Amino acid sequence: MLLIKNRFELNKFNSLQIYQFLRFGSFFAISILLAKITYFRYPAGFGPLIISKFELLLLLSGSLTFFWVSSITNTLIPFYNASNKDQQKRILFNAFALVTVLSLLAGIATVIIGYVKYPENSDLFQMFALVIFLNTPSYIADYTLYLKGKYRSLIIWGAITFTAQIVLLCVPIFFRLTLNYAINLWVILSLLKFNYTIILLMKYSTISVNTRLISDFMKKVIPFMFSILLAGSMDYINSYIVEFYYSEVDFAVFRYAAKELPIFLILANSLSNIYSGEIANLNKEGNLEEALARLKASSRKLMRWLFPATIIFIFVSKYFFQLAYNHDLVQGYRIFNIYLLLIIGRMVYPQTVIMGLMKNRIFYLVSTNYLIINCILSYWFISFWGIEGIAYAFVISCTIEKILLMIYCKMEGIDVRKYTAVGEFLLYSVLTLIAFFISLNIELPNIPGL
């Protein structure tokens with residue numbers, strides 16, 4: 001029993017991964033439950049319209065917040081670890097103040113877009129604007145618990161809030177209440193999360209606005225923010241293209257399919273977030289080589305799990321879509337398989353090294369090139385493969401982005417072999433591509449009765 005307890009002891013490495021799994025897993029569970037509920041509880045063809053409306057809200061909120069939320073939270077860990085005790089107490093509240101102001105602007109933008117572009121659903125967009133304003137700052141609660149070593153509290157907090165998200169959205173839809181009603185319940189939950197965040201900050205942070213500290217923090221955030229905006233915007237632009245040119249059902253299919261498995265994304269991103277902080281810490285002590293060796297060892301362990309799992313999913317994704325979703329969404333498995341190829345780029349971490357060294361300005365150049373390449377390839381590929389062409393363009397562009405970042409690390413004297421098990425990586429990548437091309441040329445039978 002003691003061995004089991006020690007094996008599953010929460011620490012700074014696995015706690016953030018578990019929490020991210022709960023967060024992404026909750027939205028993954030919502031997607032499955034909404035597909036099933038709307039299929040069995042609503043008239044034929046009506047379910048995808050509800051899904052499409054909800055996915056549009058998520059698309060809008062994501063496109064308005066993803067770049068600054070990601071840049072602030074990803075920079076917060078290495079910045080916090082590199083700061084003295086006094087700065088550590090001050091940065092948490094100042095990061096919260098910064099996120100709150102940006103959340104207010106995003107909420108206002110949501111209201112305006114609802115009035116202008118979707119006037120028939122403007123009341124829904126107004127309520128969701130409150131969700132954005134109140135819920136987004138609660139990300140600071142997550143990182144406050146993590147940075148203070150309250151790993152068990154972080155997991156409990158995540159389990160409670162994400163379960164509440166699922167219940168408060170899906171139960172009203174099950175009883176055929178409106179989506180507006182469910183979003184109203186999310187507003188109440190967001191208010192509770194906002195208040196809890198303030199309580200945490202009163203306990204663990206110095207409650208005062210320090211403009212100089214915010215300025216120093218933003219000098220690290222802004223290069224990363226614009227790089228994420230450039231690199232990540234294409235994912236949202238692709239969805240807007242589908243929403244504009246294709247039907248609501250096609251939009252729902254694309255939104256459900258154009259994503260990675262949450263567990264894959266969580267493990268890869270969590271490892272990157274954790275080791276950016278480790279590299280910042282150890283580099284400050286003159287132990288950069290040790291930090292890179294740790295990153296290499298951890299990424300090797302991760303690829304030994306995720307590459308084989310990806311190969312399996314390539315062949316069973318059709319059945320997964322048939323079992324998890326409804327008939328209208330099944331063909332999305334082809335797009336999903338293309339997105340599974342993103343695992344190849346995920347298993348190399350030059351961006352982690354760059355963030356840990358606080359040399360974020362290179363993201364400007366790399367992300368600009370990525371965006372241009374993605375736009376060109378999307379324009380070409382959509383004429384050949386339709387919606388699937390957008391997915392191919394996205395995967396190829398993401399791979400090129402990683403190659404450019406690896407080249408920059410090499411220019412800084414950090415060879416890819418220092419932080420990546422290159423031999424195993426190339427072997428797994430080739431096997432994954434072979435599996436993908438095989439899946440394109442065989443037609444697996446459907447599950448009987450589905």
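Can you tell me how much longer the chain between Y181 and N14 gets when fully stretched, taken as 0.36 nm per residue apart minus their C-alpha distance, in nm with one decimal? Don't jump to the answer; show the numbers that get you there.
Working: separation 167, 0.36 × 167 = 60.12 nm, distance 3.61 nm.
Length difference between fully extended and current span is 56.5 nm.
Return the lysines within reach of K318: Cα separation strictly under 19 angstrom, same-chain partners fewer than 8 residues apart disregarded; answer none if there are no such residues.
Partners within reach: K36, K259.
Hey, fewest Cβ within 10 Å first, where do W186, W385, W305 land in order?
Values: W186 20, W385 15, W305 12.
So the ranking, lowest neighbour count to highest, is W305, W385, W186.
In a GNM of the chain with a 10 Å cut-off on Cα contacts, which of P172, P350, P137 has the highest mean-square fluctuation?
P172
Report relative contact order for the chain in percent, whole number only (criteria: Cα-Cα under 8 Å, sequence separation at least 6). Spell out each step's value before the answer.
Details: 544 pairs, mean separation 93.2, N = 450.
21 percent.
Identify which of E388, E278, E424 has the largest mean-square fluctuation in a Gaussian network model of the chain, with springs joining Cα atoms closer than 10 Å.
Residue with maximal mean-square fluctuation among E388, E278, E424: E424.
Specify which labelled value, from [x] 185; [y] 159; [z] 209, agrees with volume of the Cα convex hull per residue in Å³ derived from the coordinates of the model shown.
[y]
Using a cut-off of 24 Å between alpha-carbon atoms, which lysines can reach K203, once sequence neighbours fewer than 8 places away in the same chain are excluded?
Leaving aside lysines fewer than 8 places away in the same chain, those within reach of K203 are K12, K85, K89, K148, K150, K193.
Per residue of the chain, what 222 nm ellipticity follows from adding -39500 (n - 2.57) for every DSSP H run with n ≥ 4, rounded to the nearest 500?
-28000 deg cm²/dmol
To the nearest 20 Debye, how big is the dipole of the range 223-442 about its Cα centre, given +1 on the beta carbon of each Lys and Arg and -1 on that of each Asp and Glu?
Working: 17 positive and 15 negative charges, 117 e Å.
In debye, rounded to 20, the range 223-442 gives about 560.
Please find, in a Gaussian network model of the chain (springs between Cα atoms separated by less than 10 Å), the residue of V242, V422, V348 whose mean-square fluctuation is greatest.
Fluctuation is largest for V422.
Would you list I91, I32 from fewest to most Cβ contacts within 10 Å?
Numbers: I91 23, I32 14.
With the sparsest Cβ surroundings first, the list reads I32, I91.
Counting other beta carbons within 10 Å of each Cβ, put Y419, Y146 in order, fewest first. Show your work: numbers first, answer last.
Numbers: Y419 26, Y146 23.
Fewest to most other Cβ atoms nearby, the residues stand as Y146, Y419.
Name the residue farthest towards the positive end of the dipole of the range 223-442 from the options I263, I382, V422, assuming +1 on Cβ of Lys and Arg, -1 on Cβ of Asp and Glu, about the Cα centre.
Of I263, I382, V422, it is V422.
At a 10 angstrom cut-off on C-beta neighbours, averaged per residue, how do the peptides 288-296, 113-121 rank from highest to lowest? Intermediate values should be presented prior to the final figure.
Details: 288-296: 18.7, 113-121: 13.3.
The packing order, highest mean first, is 288-296, 113-121.
Where a number appears in this text, it was derived from the coordinates with a stated rule and is not lab data. The structure displayed is predicted, hence computed values, not measured ones. Every residue, glycine as well, gets a Cβ built from its backbone with ideal geometry; the counts of neighbours run over all protein chains shown.
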